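Scroll down for the structure; my scribbles are underneath it.
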Amino acid sequence: MSCNVPDIKKGTTFNALVTYTPETGWPANLLGYTVLSSVMDSRGHKYALNVTVSGSGLTFTCNYPNTDNWHIGTANWDVIWTNGTISFGSNIQQLNVINNITPNPAS
């Protein structure tokens, strides 16, 4: 999994475009797989992300509409993809949830 996510401001929308790069023994793409992803904030609260896999199965987006409940500090994020009894997972990515001084009324 490859994704460069900068700091995320508390109270904004989390959007990430992820590139799937198969490793040895992994599927060539994610077509036919169920892809799940969650973020766990610094207090240990988990937030399931909305995942949409592209038509190629080589990229997918992860979205959470409003991070207002995410606690400030280091959060952990990972992805798992399954097909029946076969599962693969990403390494944990760390995110830095920072305070949003001037809230965005559109979020």
**Fill in**
On the formula 1/(1 + (r/R0)^6), with r taken between the Cβ atoms of THR21 and ASN69 and R0 of 35 Å, the FRET efficiency rounded to 0.05 is 0.65
**Chain lengthening between HIS45 and THR82 when straightened (0.36 nm per residue, less Cα-Cα)** = 11.0 nm
**Fill in**
In debye to the nearest 20, the charge dipole size for the chain, taken about the Cα centre with +1 at each Lys and Arg Cβ and -1 at each Asp and Glu Cβ, equals 160
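Which whole-number percent of Cα pairs in region 18-57 have a distance greater than 16 Å?
Cα-Cα pairs in region 18-57 separated by more than 16 Å: 48 percent.
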**Request:** Work out how far the C-alpha atoms of region 33-107 reach from end to end along every principal axis, then list the three figures in whole Å, largest first.
**Result:** 43, 26, 15
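Where a number appears in this text, it was derived from the coordinates with a stated rule and is not lab data. Everything numeric in this text was worked out from a predicted model, so none of it was measured. Ideal geometry is used to build each Cβ from the backbone, glycine not excepted, and the neighbour counts take in all protein chains shown.
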